[in-house]
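Please read the structure below before turning to the comments.
The values are calculated or read from the model by the stated rules, or taken from the named source; none is laboratory data. For clarity, every value in this text was computed on a predicted model and none was experimentally measured. Heads up, the Cβs are rebuilt from the backbone with ideal geometry, glycines too, and the neighbour counts pull from every protein chain shown.
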Amino acid sequence: MYDLSNEIYVYKASLPFMEAAKDTANALQMNDHGPLHAQRVYMNAKLLCSLFDISPHEKALLLAASLLHDIGMADDRDNHHIVAHDLVLELSESGELPFSAEEAHVVATLCKWHRKDFDPDEVEEQLKIRTGLLASMIRIADSMDLDYRRSPDFQGSREKIIERINKDQIPHHLSVLSIIALRLRVNHIGTKLELFVENFKLASLQIDRLIEELLGIRFSWPVQLVPIHPSLPQSSLEVASKKKAIVFAYCNAHGLISASITKKQLEQQGFEVTTICNHNKTFSTTTFWKETFQDFDFREYSSVSLLDLYLSPSLLDVTLKKIQENSNCSWHFASPLAITGIEVKKMISAGINLYLCDERALFTGNSLDSNSLFWMKVAGLCNFDNPHVAGITREEHDVAMGIRYEIMVSGQEKKEDDHYEQLMSLIIQNNLKHFTSKATDFTKIIAEKGLTGTRHGRVLVFKTSNISGRSVYDFIHKAIVNQGVRPFENNEFETPFAIFPQVFQGVVRILFISFFSRSEKAFPVRYFLDYDENSVGSTSTIWQSFASEELALEAINTTLARINDHFQEHCDIPVESLKDPD
């Protein structure tokens, strides 16, 4: 039976077809239909799986179809869904896709039904697969990829689009460039799609397509259009009459941005807002949920926002008990990670408002100004786990580097909590100059205090070090770059994978990373790991914990063997210790 452990073979088989699909789309001057589009549809489908009671087998086949749905694009644009159907059957019969005949039929049907006519009630009786339901899900997942990332080559340059694109494609590019992000908002009332839109008129083409798809399926959800205003009015409420809100956010760069956007919106709504996003309270999510959250007195608050704070399944029930004991609060939980359907049901039953989205929209509220729009894009740049972004501006890049510098230095120097409050004030005030001025400092520190790893085939392995916090990702990326590239592989990095161990309170934590020079060619590190519910991350950065050094070393060497076998790289030198010899 096909399961997610075999997905790497689907991904590998899809890549050449999706690269050809991108070339075809580029030749026709269309929006992106290449590998990154397929990966975004995959992530959308993964989020949708949180909302439906589907089996692991159904989920695995749906995600496989998400990667394969556009493989027919290079052959026949108008009938690419039919070509994709036929290709899936051919590749399965030849053994290039790891499906049984019945599974191949389901996946091929999903590819065919991702557009045009379909039967929402279809069931594959032998496998007990609800093909019609899965087709509805893939159609929505495909339609959800409708923001500015679909026009990466023309990001921020509408004038160039008018000059360079065929007239019939101009509306498609302008439409996606006018949509900033999409998120799912779920509560006891139901599910709705929130679209953050900069220009309603230009965005209408993509919005109409999304609504048309929603009207054609059985679980039609309302779409809320969230406008981006030039500016927002200040609240006229007196302090004495204001209700209190508290915002907890993970202490990293995009967590700080999410907390700032949430604080700004809540204040505009008339709340007196307290924000907690600092190294002492929200840097360790386990410590937060076990200590900070459980010890906190929520009785004086009307609204509680929990942003990007990973909640382990083992802590869910005790957390929900605390929430239900404080039913006076309006609870909001925003997460970029997939949550199981069971967890969603439990959280909704406890009265939580769920926000399922990527790092660009991990905030509560829906009153945004143009400054918030800028910071949403920066938050996306600060995400290392699924770094598929569109073309960016120099200012966006430098601000992202600057805020990561501030987070790194604040943790190293053990800054007081009020320092993080000052950083959030700078974000709310849109003080870009402060952060751009730090970008050079950040680059300098990463270069001067770099990590040195040992090469094991295509993997760079590090020993434990005193580097902690989210800046470890930047140090690892720099170390990968320093290993050089392979000209005969289109200048791909010599070591696009890395393994970084940490020992914390007797527990060994291992960070597994994939970082490719060309993200469209990337093989996410998740494909080489034994992924379980205690793994944190989803694509390119995954943390796993082990009770002993022996278990950690076993996992490291198993991962090394899998990666190097896949890339046909000879490497028989095992990792024998997590630490450098004294």
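Screening segment 53-92 for residues that are β-branched (Val, Ile, Thr) and either touching a strand residue (DSSP E or B) at 6+ places or on another chain (Cβ under 9 Å) or more than 14 Å from Ser14 (Cα to Cα) (or both) and picking the one that is modelled with the lowest pLDDT gives Ile54. For segment 19-68, a tally of residues being under 22 Å from Ala338 (Cβ atoms), aliphatic (A, V, I, L, M) and either assigned to a helix (DSSP H, G or I) or more than 22 Å from the chain's Cα centre (by Cα) (or both) returns 15. Of the residues making up segment 473-509, those that are within 30 Å of Asn280 (Cβ to Cβ), β-branched (Val, Ile, Thr) and crowded, with 21+ Cβ neighbours inside 10 Å number 3. Considering only residues that are acidic (Asp, Glu) and in contact (Cβ under 8 Å) with a residue 12 or more places away in the chain, look in segment 451-504 and name the one that is nearest to Ile542 (Cα to Cα). It comes out as Asp474.
When you check Glu448 against the structure, is it acidic (Asp, Glu), assigned by TED's automatic domain parsing to the domain that holds Ala379 and surrounded by fewer than 18 Cβ atoms within 10 Å (Cβ to Cβ), yes or no? Against the criterion (acidic (Asp, Glu), assigned by TED's automatic domain parsing to the domain that holds Ala379 and surrounded by fewer than 18 Cβ atoms within 10 Å (Cβ to Cβ)), Glu448 does not qualify. For segment 116-131, how many residues are within 16 Å of Leu215 (Cβ to Cβ) and either crowded, with 19+ Cβ neighbours inside 10 Å or outside the structural domain of Arg40 (by TED's automatic domain parsing) (or both)? Of the residues in that region, 1 qualify.
Does Gly411 satisfy being in contact with a helix residue (DSSP H, G or I) (Cβ under 6 Å, 6 or more places away or on another chain) and in contact (Cβ under 8 Å) with a residue 60 or more places away in the chain? Considered against the rule, which asks whether it is in contact with a helix residue (DSSP H, G or I) (Cβ under 6 Å, 6 or more places away or on another chain) and in contact (Cβ under 8 Å) with a residue 60 or more places away in the chain, Gly411 comes out as yes.
The set of residues from segment 393-442 being closer than 14 Å to Phe374 by Cα and of a type in the set (Val, Ile, Thr) comprises Thr393, Val399, Ile403, Ile427, Ile428, Thr436. Taken together, the criteria place Glu359 among residues that are closer than 20 Å to Thr275 by Cα and touching a Pro at 6+ places or on another chain (Cβ under 6 Å).
Just one residue in the set Leu62, Leu15, Leu4, Leu68 is surrounded by 24 or more Cβ atoms within 10 Å (Cβ to Cβ), among the hydrophobic types (A, V, I, L, M, F, W, C) and closer than 21 Å to Leu529 by Cα; that residue is Leu62. Mind checking whether some residue in segment 548-569 is in a loop (DSSP other than H, G, I, E, B), in contact (Cβ under 8 Å) with a residue 60 or more places away in the chain and buried (at least 19 other Cβ atoms within 10 Å of the Cβ)? For segment 548-569, residues in a loop (DSSP other than H, G, I, E, B), in contact (Cβ under 8 Å) with a residue 60 or more places away in the chain and buried (at least 19 other Cβ atoms within 10 Å of the Cβ): absent. Residues in segment 444-472 that are modelled with pLDDT of 90 or more and not aliphatic (A, V, I, L, M): Gly453, Thr454, Arg455, His456, Gly457, Arg458, Phe462, Lys463.
Number of residues in segment 399-451 that are of a type in the set (Val, Ile, Thr) and either touching a Leu at 6+ places or on another chain (Cβ under 9 Å) or at positive phi (or both): the value is 4.
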